[in-house]
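Everything on this sheet refers to the single structure shown next.
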Amino acid sequence: KLAHEDRAELHITDMHAKLKITPAQEELWDNVAEAMRDNAKVMDSLTQARLDHAKDMTAVDDLKSYGEITEAHADGIRKLTPAFAALYAGMSDAQKQEADTLFRHGDHARGGPKHGHKKQQDK
């Protein structure tokens, strides 16, 4: 299973190609990519901590951990939104249409269509 950071890199590359980012848009795109990378690092750290302590967490610890991950995910979206909005404002109509389609189908910075955080089950 790919870590958040690995998936973020794949999404960054994929989105850059699908959105046909122009040389003039690269600086704004870099801000989007940086936000995606930062968000992925935070999520990797929190999910790893959750996995490291999964066997000895109480139900309350489990809820707190999941809450931290959920809050980090929401914070990440809040940080990504202005960076993406700045890029989107300067996109061509065709680029905007592609971005709208990508986001509508879940294939974007939030981690794609499947971005839940399942607890590793004891085997």
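Going down the table (LYS20/LYS41; LYS20/LYS64; LYS18/LYS79; LYS18/LYS41), which pairs top 32 Å between alpha carbons?
With Cα atoms farther than 32 Å apart: LYS20/LYS64.
Given a 1.4 Å probe and the protein chains all in place, what does the accessible area of HIS16 round to, in Å² to the nearest 10?
So the heavy atoms of HIS16 present about 50 Å² to solvent.
Setting aside same-chain residues fewer than 8 positions from LYS55, which aspartates and glutamates have a Cα under 20 Å from its Cα?
Of all the aspartates and glutamates, those that pass the test against LYS55 - Cα under 20 Å, at least 8 places apart if same chain - are ASP44, GLU68, ASP122.
How high is the relative contact order of region 1-101? Use alpha-carbon pairs under 8 Å, at least six apart in sequence, and give a whole percent.
That works out to 40 percent.
Using each residue's phi in region 81-97, evaluate 6.51 cos²θ - 1.76 cosθ + 1.60 at θ = phi - 60° and report the 3J(HN,Hα) Karplus result to the nearest Hz, with x for Gly and Pro.
4, x, 5, 6, 4, 5, 5, 4, 4, x, 7, 5, 4, 5, 5, 4, 4
Taking region 4-51, which GluC sites (Glu not before Pro) meet the DSSP loop condition and have no more than 16 other C-beta atoms within 10 Å?
Hits after loop and neighbour filter: nothing returned.
The values are calculated or read from the model by the stated rules, or taken from the named source; none is laboratory data. This one's a predicted model, so the numbers in the text were calculated from it and none came from an experiment. We place every Cβ from the backbone using ideal geometry, glycine too, and count neighbours over all the protein chains shown. Protein only, heavy atoms only, side chains kept; ligands, DNA and RNA dropped before computing areas. Shrake-Rupley method; radii C 1.70, N 1.55, O 1.52, S 1.80 Å.
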